[in-house]
């Protein structure tokens, strides 16, 4: 026993207990391994490509938004940072990629990289100020940051095009080979590829010791201080990474639609993504993969049929989720699985 | 007493919130390997003292020395790295996480791996094995994978201690380790504390006099933010002032 163990227990550990211990450690150590169900979203996404060739433009927007939701899940679901201003990073990325493409630097991956850096910088600078607060004050400040950027973009007519939006983007072909076509085929696969890489990154982060410590901060920040965690630094790192990913999502939307509207920084962009993530399930990595398509497809359908009452139905759905389906779709699925396991 | 530097010292430590003095010029010494209890009536400033020593509160004046080194201005996390560790009066853990994860979080921070973004936590066998053997030693192995919140409160108190031990403390401050635990279950907590490695300097903040007299070899009585008296348990038990302000009030059965 090491010097801080408890000595002299006088218990001889039996062979069976040793095996049980080894088994438990194994289960614990395997949590980050890929499970077969994790293939499902990617199979579905590829199937959609072939099955719905007329909906690929919408599909590309959904994929980009899933990445945006994923970035939000990292801060909200894992680190427990409440935010109503994530559009600040989405919009920063969109404008960064948009301005690049509008000024003759339309290489798509370069655009993504610059968008990620710009959004991360905004996340780092604003985060170093506002992450000193928690809860409601923090929520208000995230809202404030996004609103300030919105007004900035709105007023900076000569650069951003203001309320008319940024026009004249010329995005070059992906890998110099695949043009962004009218049907959204390239856009769809481009977004899918970037989302896949983004998902790999986030997945790796949440299972790393850093990611686990974020969960610890969400669960009990005071205790994290007491076990020697530099809490502020961890939160800031998570916030900056999340900002970079949101920036990439914004860049994807800008590049695939060849347009940036000022509402890329708008409040709805911050609020809706929260609703989408809530519908799917927060803090579960896959909430966005369910909530975003659900919301956006429904919006696309219902907005045509009943544009006035669309928000009423979403509101009602949200109330029901909060009351009866905590944890969103994935939360419900988890409970059903647990019940099944318990019944066996 | 030996000439060795004490594990922990406070010199004229003071903390006031406006007119309220929660610590007024506390000169306190915790020897290496000490089994020392800090007692006092409610509101005497015991938990504030813990907060000052661990860095959760900044003192208004005075100094805190860890093995002779001034740590007064170090942040809480840095003090933990140097071995100043506490447990909480009201269990303060990661309720949604498994028991094992509660400990691995602490162990990986101690080893400086808490900020690692790359390798999956599950691949850190050293951390998992060390954490698990701590749980085994405290009799928590069977509950290792259960969410902490499903454990009985007494068991959660043991996890508190396991998390603290995962940080390899040199000075361990136990804030009412048996608080809220039914008397039938507190025995195991006392036994666990008795078995802690001898080189950890222990400061036990406690209300339960039976527990104090069983564990402590030295007792400091704190009243209204100041040290009233300090001595061996039998001296404290006999001290008239202590009986008046503290033991008397509690009317031991």
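Any read-out appearing in this document is the output of simple, stated calculations on the displayed coordinates, not a laboratory observation. Because the structure is a prediction, the values reported are computed rather than measured. For neighbour counting, all protein chains shown are included, and Cβ atoms are generated from backbone atoms with ideal geometry for every residue, glycine included.
What the table shows:
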| item | result |
| --- | --- |
| Between region A:64-134 and region B:158-185, the alpha-carbon center distance in angstrom | 42 |
| Label-point separation, residue A:163 to residue A:317 (7 Å along Cα→Cβ), nm | 3.1 |
| Share of Cα-Cα pairs in region A:173-272 lying beyond 15 Å, as whole percent | 71 |
| Computed P(r) (all Cα pairs; the protein assembly as shown; 10 Å bins; percent) | 3, 15, 22, 21, 16, 12, 7, 3, 1, 0 |
| Between helix A:15-29 and chain A: long-axis angle, C-alpha atoms, 0 to 90°, nearest 10 | 10 |
| C-alpha long axis of helix A:287-305 to longest principal axis of chain A, angle in ° | 40 |
| Whole-number Å³ per residue for the convex hull built on Cα positions in region A:159-221 | 190 |
| Viscosity 1.567 mPa s, temperature 4 °C, Stokes-Einstein D of region A:204-344 from Kirkwood C-alpha radius, µm²/s | 73 |
| Acute angle (nearest 10 degrees) that the helix A:328-343 long axis makes with the longest principal axis of chain A, alpha-carbon atoms | 30 |
| Projected label distance in nm at residue B:42 and residue A:333, using a 7 Å step from Cα toward the beta-carbon | 4.9 |
| Max mean-square fluctuation residue, GNM over chain B, Cα-Cα springs under 10 Å, options B:200, B:90, B:189 | B:90 |
| Ratio Rg/Rh [Cα only; Rh per Kirkwood] for region A:52-156 | 1.02 |
| Spatial separation of Cα centroids for region B:76-139 and region A:273-344, in angstrom | 34 |
| Residue A:222/residue A:136 FRET efficiency (R0 25 Å; Cβ-Cβ; nearest 0.05) | 0.85 |
| Computed lengthening from residue A:196 to residue A:305, 0.36 nm per intervening residue step minus Cα-Cα distance | 35.9 nm |
| Ellipticity estimate at 222 nm from DSSP helix runs (n ≥ 4, -39,500 (n - 2.57)) divided over the protein assembly as shown, nearest 500 | -17000 deg cm²/dmol |
| Share of pairwise Cα separations in region A:291-344, more than 12 Å, in percent | 71 |
| Within a Gaussian network of chain A (alpha carbon springs, distance under 10 Å), most fluctuating of A:158, A:242, A:14 | A:14 |
| Share of Cα-Cα pairs in region B:106-174 lying beyond 20 Å, as whole percent | 33 |
| Separation of the residue B:226 and residue A:179 label points, Cα + 7 Å toward Cβ, nm | 8.8 |
| Range of Cα positions in region A:36-265 per principal axis (Å), largest first | 56, 49, 25 |
| log10 of Debye I(q)/I(0), alpha-carbon scatterers only, for region A:14-87 at 0.16, 0.28 Å⁻¹ | -0.83, -1.16 |
| Using alpha carbons only: equivalent-ellipsoid semi-axes of region B:98-253, gyration tensor based, whole Å | 36, 17, 12 |
| Residue with peak Gaussian network fluctuation, chain A [Cα springs, cutoff 10 Å], from A:81, A:227, A:273 | A:227 |
